[in-house]
Amino acid sequence: MPKDYIVKDIALAAFGRKELTIAETEMPGLMALREEFGTTKPLKGARIAGSLHMTIQTAALIETLVVLGADVRWASCNIFSTQDHAAAAIAAGGTPVFAIKGETLEEYWTYTDKIFQFAEGTCNMILDDGGDATLYILLGARVEAGETDLIAVPTSDEEVCLFNQIKKRLAASPGWFTAQRAAIKGVSEETTTGVHRLYDLHKRGQLPFPAINVNDSVTKSKFDNKYGCKESLVDGIRRATDTMMAGKVAVVCGYGDVGKGSSASLQGAGARVKVTEVDPICALQAAMDGFEVVLLEDVVKDADIFITTTGNRDVIRIEHMREMKDMAIVGNIGHFDNEIQVAALKNHKWTNIKDQVDMIEMPSGHRIILLSEGRLLNLGNATGHPSFVMSASFTNQVLAQIELFTKGNEYAPGVYILPKALDEKVARLHLKKIGVKLTELRPEQADYIGVKVEGPFKADHYRY
Ligand code: NAI
């Protein structure tokens, strides 16, 4: 049989498998789902097109989906986030995967196309992180339906490659995008930025199937985005630069969940952290957590480390980078690279230090160190979040896939969140591993606060 995968080196599979075996011991939620659903196989018949950082933790997710009966094809959702040994282990296990750390943008969209190439002709589920797989099909189908102006004028390198891939697929297989779109029962979306895209599509009447917003399960965004970044941000900066954190002045742009974890990460390493925010509630939170809340313009000359966490565009602009002190470190941990105006640096002098680390000279002669070309640095320069926290995120992902695959027909197109009982179940599955002893409500106490002894324990509007 011709090989149905693209990985850096299949010989890395044995190393990947060893790390995967360790990861499984730290992913109790996923392992519990294998136990609970391994024989009933609720995902039998599911053909899942997956687009999510191809790491060791994701390998454990993929293998859980397979144990539950799914056919899976996978690509990474970022050109720098793949762990090649993880991809090799998955390919060697027989699941088609298309992901190489450092792939080009052109390859990125080719690989995205490949996750939809099931023998049956179409996928029937998407598991997405950031929304690119969903975008590919929905945009392609609209172009196929005659809205050709949608891809007329690309505004970035990303768009050039995306539009070229759409054109190639349209030429090779007329009707392909429309058939894929029609076959999709639902999408589960991992991250804040992808969720924004889904709500936006729905608002414009362009979301043809139900989607589950995994990000806003409490056991996802209040854990992965926060505690995950708390561990992985500094890990990325250290692996990239080996710089001393203690005593440095770091600026974190944005104090949402990722900003909170990132600020704590830098503070924990001894950096003096300042925060920028646009939302008065988050600004007040930052101040009351002990961080000075500043304008970027006021600190740009003095700080040593700049990190964007906003999910917004043009947060660190060229005029800021021109003002920075010599050898300031600049990086982003939000989903897309447009938080930093990297394109505006293209005609400056770049010196590559090593993979995903560049030194760029400003007209003043000052240099900045740019991490992962502005792409999310915890996955570009390090290995992303630890397994334990990803277990919570991915347990939500699997539950969302089961819900949409088995009951998708009962949902109108729209964006949904998993019920609180399942959120609490995800948390519960992670307690034993870290020795948490949970107090049980007495019946009269449950009555008094108006909940059941077994939960759910909070109303939907509770914010944690
Ligand atoms: P969030 O919405 O909770 O936080 C973003 C914060 O940035 C908000 O408080 C907002 O007010 C603030 N903000 C927006 N524009 C700003 C500006 N111009 N200046 C300063 N602050 C500004 O979102 P969350 O969950 O923290 O996610 C942020 C980004 O990180 C998203 O792109 C998300 O997809 C990504 N993400 C990355 C992860 C990683 O491992 N690298 C993990 C989870 C999420």
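The values are calculated or read from the model by the stated rules, or taken from the named source; none is laboratory data. Since this is a predicted model, take the numbers as computed values, not measurements. All Cβ positions, even for glycine, are placed from backbone atoms using ideal geometry, and neighbour counts span all protein chains on display.
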Subject >> First in region 171-194 and in contact (Cβ under 8 Å) with a residue 60 or more places away in the chain and of a type outside the set (Gly, Ala, Ser), second anywhere and within 16 Å of the ligand (Cβ to nearest atom) and part of a helix (DSSP H, G or I), Cβ under 6 Å, 6 or more apart >> reply: VAL187/THR134; GLU189/VAL195; GLU189/LEU198
**OP:** Collect the residues in region 202-211 that are in contact (Cβ under 8 Å) with a residue 40 or more places away in the chain and surrounded by fewer than 20 Cβ atoms within 10 Å (Cβ to Cβ), keeping them in residue-number order.
**Re:** HIS202, GLN206, PRO208
**OP:** Residue by residue through region 334-350, note down the ones that are within 11 Å of the ligand (Cβ to nearest atom) and in a loop (DSSP other than H, G, I, E, B).
**Re:** GLY334, HIS335, PHE336
Subject >> Hits in region 407-445 - residues which are hydroxyl-bearing (Ser, Thr, Tyr) and surrounded by 15 or more Cβ atoms within 10 Å (Cβ to Cβ) >> reply: TYR411, TYR416
Original post:
assigned to a loop (DSSP other than H, G, I, E, B), buried (at least 24 other Cβ atoms within 10 Å of the Cβ) and without any contact (Cβ under 8 Å) to a residue 60 or more places away in the chain: does that describe MET1?
Top reply: no
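Condition check ((1) among the basic types (Lys, Arg); (2) crowded, with 18+ Cβ neighbours inside 10 Å) across all residues:
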{"position": "LEU138", "(1), (2)": "no, yes"}
{"position": "GLU144", "(1), (2)": "no, yes"}
{"position": "LEU150", "(1), (2)": "no, no"}
{"position": "PRO154", "(1), (2)": "no, no"}
{"position": "ILE166", "(1), (2)": "no, yes"}
{"position": "ARG169", "(1), (2)": "yes, yes"}
Original post:
Taking helices (runs of 4 or more DSSP H) that do not extend beyond region 250-323, which have at least 2 residues that are among the charged types (D, E, K, R)?
Top reply: 257-268, 296-299, 318-323
**OP:** Need at least 2 residues that are of a type in the set (S, T, N, Q) per element, so show me which helices (runs of 4 or more DSSP H) inside region 6-121 make the cut, counting only ones lying wholly within it.
**Re:** 13-25, 56-67, 105-114
Subject >> Residue satisfying condition, being within 11 Å of the ligand (Cβ to nearest atom), surrounded by fewer than 20 Cβ atoms within 10 Å (Cβ to Cβ) and assigned by the TED database to the domain that holds HIS366, within set VAL252, VAL299, VAL278 >> reply: VAL278
Original post:
Do the conditions hold for SER364, that is, is it among the small types (Gly, Ala, Ser) and not assigned by the TED database to the domain that holds GLY254?
Top reply: no
Subject >> Enumeration of residues in region 201-252 that are closer than 28 Å to PHE388 by Cβ and among the aromatic types (Phe, Trp, Tyr) >> reply: PHE223, TYR227
Original post:
Does ALA446 count as at pLDDT 95 or above, away from the ligand (no atom under 16 Å from the Cβ) and not aromatic (Phe, Trp, Tyr)?
Top reply: yes
**OP:** Kindly indicate whether MET288 is away from the ligand (no atom under 15 Å from the Cβ), more than 24 Å from SER81 (Cβ to Cβ) and either surrounded by fewer than 21 Cβ atoms within 10 Å (Cβ to Cβ) or modelled with pLDDT of 95 or more (or both).
**Re:** no
Original post:
Any residue in region 216-223 that is away from the ligand (no atom under 13 Å from the Cβ), out of contact with any Asp or Glu (no Cβ under 9 Å at 6 or more places or on another chain) and either part of a helix (DSSP H, G or I) or not basic (Lys, Arg) (or both)?
Top reply: no
Subject >> Candidates GLN401, GLN356 - the one that is of a type outside the set (A, V, I, L, M), crowded, with 21+ Cβ neighbours inside 10 Å and outside the structural domain of ALA49 (by the TED database) >> reply: GLN356
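Yes/no matrix, rows are residues, columns are (1) within 13 Å of the ligand (Cβ to nearest atom); (2) among the aliphatic types (A, V, I, L, M); (3) on the phi > 0 side of the Ramachandran plot:
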{"position": "GLY236", "(1), (2), (3)": "yes, no, no"}
{"position": "GLY256", "(1), (2), (3)": "yes, no, no"}
{"position": "CYS282", "(1), (2), (3)": "yes, no, no"}
{"position": "ILE316", "(1), (2), (3)": "yes, yes, no"}
{"position": "LYS325", "(1), (2), (3)": "no, no, no"}
Subject >> Flag if VAL357 is under 22 Å from SER81 (Cα atoms), of a type in the set (Val, Ile, Thr) and more than 16 Å from the ligand (Cβ to nearest atom) >> reply: yes
Subject >> Segments classed as helices (runs of 4 or more DSSP H), wholly inside region 153-210, with at least 2 members that are of a type outside the set (Asp, Glu), modelled with pLDDT of 95 or more and under 19 Å from GLU106 (Cα atoms) >> reply: 157-172
**OP:** Check region 130-138 and report whether any residue there is in a loop (DSSP other than H, G, I, E, B), under 19 Å from the mean Cα position of the chain (by Cα), within 16 Å of the ligand (Cβ to nearest atom) and charged (D, E, K, R).
**Re:** no
